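Heads up, the thing below is written out as structure tokens.
The values are calculated or read from the model by the stated rules, or taken from the named source; none is laboratory data. Quick caveat: nothing in here was measured; it's all calculated off a predicted structure. A quick note on method: Cβ atoms are made from the backbone with ideal geometry, for glycine too, and the neighbour counts reach across all protein chains shown. Areas reflect the complete protein model, heavy atoms only, side chains present, ligands, DNA and RNA absent. Shrake-Rupley method; radii C 1.70, N 1.55, O 1.52, S 1.80 Å.
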Amino acid sequence: MRLAELSERSGVSTATIKYYLREGLLPPGERLTATKAEYGEEHLRRLRLVRALIQVGRMPVATAREVLKAAEDESLSQHLRLGAAVWALPHGPEPHEDAEETARAREEANALLDQLGWAHGRDAREDSPAYRMLVEAIASLARLGYPHDTGHLLPYARLASELAVHELDVVETYDTPGEQIEASVALTVLYEPVLLSLRRLAQAQESGRRFDQA
């Protein structure tokens, strides 16, 4: 397809597509003449991913480029490519190492993950931005006096495990390794607002059931 059709099918303006091409977020099309190129379904799929990263995930272009670079690294196994791409996504705050709650929070996080039997040794976990975000989240709970022990966190972890199975089932419906990587990244970004919204709606429903006696 030509640029105009790619724009029409993707809903992205031609000017924006040209910008994505210049910034390396979109691979170049097959050159037909000095001024014209042909684009395929892979460009349409990539545009959807870029829109998810930038428009929904509100990710800077430079960060989006790093995510895509990780996703395209064919020297890695599929598992490592998935991990590298998702790890490149923006995460929450890093632990405050000088805070007294951080060391205890790290022990709580390790105890939780050990009980779940989730892989990786304790030293390797520090490489994961999601693990470090968990440590800081637990430290914040402790700092403000809210429940943060393993027993309290286990239901969240078990629900997350069920979600991971469902999401990877969806990812595996895509045909090629490249499509699976792109789907994994896009769905991580797109479903996080869904999870947040559903959690708040569920809380409102349960609150009404428990407390609304009118």
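A search for C-beta distances below 7 Å between a residue of region 36-52 that is closer than 15 Å to Glu5 by Cβ and of a type outside the set (Gly, Ala, Ser) and any residue that is open to solvent by 60 Å² or more (accessible area, probe 1.4 Å) and in a helix (DSSP H, G or I), counting only pairs 6+ apart in sequence or on different chains, returns Leu44/Arg9. Among the residues of region 140-152, the ones that are outside any loop (DSSP other than H, G, I, E, B) and more than 13 Å from Glu108 (Cα to Cα) come to 1 in all.
Tell me, please, whether a residue that is within 21 Å of Arg45 (Cβ to Cβ), part of a helix (DSSP H, G or I) and of a type outside the set (D, E, K, R) can be found in region 153-167. No, there is no match, as no residue in region 153-167 is within 21 Å of Arg45 (Cβ to Cβ), part of a helix (DSSP H, G or I) and of a type outside the set (D, E, K, R). Among the residues of region 156-206, those that are touching a residue at least 12 places away in the same chain (Cβ under 8 Å) and among the small types (Gly, Ala, Ser) comprise Ala157, Ser161, Gly178, Ala183, Ser184, Ala186.
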